[in-house]
Amino acid sequence: FLDEARVAAQLQHPHIVQIYDLGEHQGSYYIAMEYLAGETLQEILRNGIASGVPLPIDYAVRIVADIADALAYAHSKTDLDGKPIHLVHCDNSPQNLIVTYSGYAKVVDFGIAKIGNDTDTKQLKGKASYVAPEQVCGEQLDARTDIFSLGVVLYEAITRTRLFQRESAVASLDAIVSDEPIPPASSRNPEVPPSLEAIL
């Protein structure tokens with residue numbers, strides 16, 4: 001817990017939740033982090049659809065671009081000797097992306113991140129509908145793992161539909177590693193422009 005928290009505390013980026021302190025008090029470990037007055041992306045997407053006013057595509061793109069910038073920063077983080085630490089978040093999902101009321105998108109929960117040569121991939125970490133194929137298969141993880149998950153978030157935000165969610169977690173994981181083609185985003189939302197679909 002403390003090792004992971006210490007790494008997360010080193011991350012200083014406007015789109016990553018800031019950790020101020022961590023330690024142990026009377027036998028319990030704690031992390032003190034900045035308070036984010038806002039909503040999770042999951043809540044924003046759900047409430048938008050329920051109210052009939054879904055999140056506009058350009059807002060979704062801005063949010064995901066800010067989170068991508070934060071992840072790129074984390075992926076390039078080095079130790080004190082300048083060596084890459086190979087940090088991978090492993091749990092990019094709408095539940096872990098906060099949009100503050102002032103309009104800032106921030107990624108939270110680096111608590112399950114994989115660091116360096118952490119090759120313990122037998123235990124699946126992350127939410128079943130957002131994990132990358134290499135997570136499902138227990139293979140080595142790297143920055144592409146986070147990029148895949150963030151791509152799923154973007155797909156769902158702009159199509160307003162779920163991509164890999166099935167009737168169970170196991171079925172969701174099967175869908176991620178199946179050879180079934182992913183439906184083009186524009187087939188679910190004709191407002192998605194070809195340029196964005198190409199990036200996605």
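Give the stretch 140-195 a look and list any residue that's without any contact (Cβ under 8 Å) to a residue 60 or more places away in the chain, among the basic types (Lys, Arg) and not in a helix (DSSP H, G or I), or say none.
Once the filter is applied, which keeps residues that are without any contact (Cβ under 8 Å) to a residue 60 or more places away in the chain, among the basic types (Lys, Arg) and not in a helix (DSSP H, G or I), the stretch 140-195 yields Arg162, Arg166.
Among the residues of the stretch 166-184, is any at pLDDT 95 or above, in contact with a helix residue (DSSP H, G or I) (Cβ under 6 Å, 6 or more places away or on another chain) and crowded, with 16+ Cβ neighbours inside 10 Å?
No, every residue in the stretch 166-184 fails to be at pLDDT 95 or above, in contact with a helix residue (DSSP H, G or I) (Cβ under 6 Å, 6 or more places away or on another chain) and crowded, with 16+ Cβ neighbours inside 10 Å.
If only one of Leu11, Leu41, Leu2 is open to solvent by less than 60 Å² (accessible area, probe 1.4 Å), among the hydrophobic types (A, V, I, L, M, F, W, C), out of contact with any Asp or Glu (no Cβ under 7 Å at 6 or more places or on another chain) and more than 22 Å from Ile85 (Cβ to Cβ), which one is it?
Going through Leu11, Leu41, Leu2 in turn, the sole match is Leu41.
In the stretch 44-73, which residue that is open to solvent by 50 Å² or more (accessible area, probe 1.4 Å) and more than 20 Å from the chain's Cα centre (by Cα) is nearest to His89 (Cα to Cα)?
Ile49
Go through the stretch 186-200 and report how many residues are open to solvent by 90 Å² or more (accessible area, probe 1.4 Å) and β-branched (Val, Ile, Thr).
Final tally of qualifying residues: 1.
If Pro133 passes every condition in (1) open to solvent by 10 Å² or more (accessible area, probe 1.4 Å); (2) of a type outside the set (Ser, Thr, Tyr); (3) modelled with pLDDT under 90 but one, which one does it miss?
Against the list (1) open to solvent by 10 Å² or more (accessible area, probe 1.4 Å); (2) of a type outside the set (Ser, Thr, Tyr); (3) modelled with pLDDT under 90, Pro133 comes up short only on (3).
The values are calculated or read from the model by the stated rules, or taken from the named source; none is laboratory data. Keep in mind the model is a prediction, meaning the values are calculated, not measured. For neighbour counting, all protein chains shown are included, and Cβ atoms are generated from backbone atoms with ideal geometry for every residue, glycine included. SASA here: full protein model, heavy atoms, side chains in, ligands and nucleic acids out. Shrake-Rupley method; radii C 1.70, N 1.55, O 1.52, S 1.80 Å.
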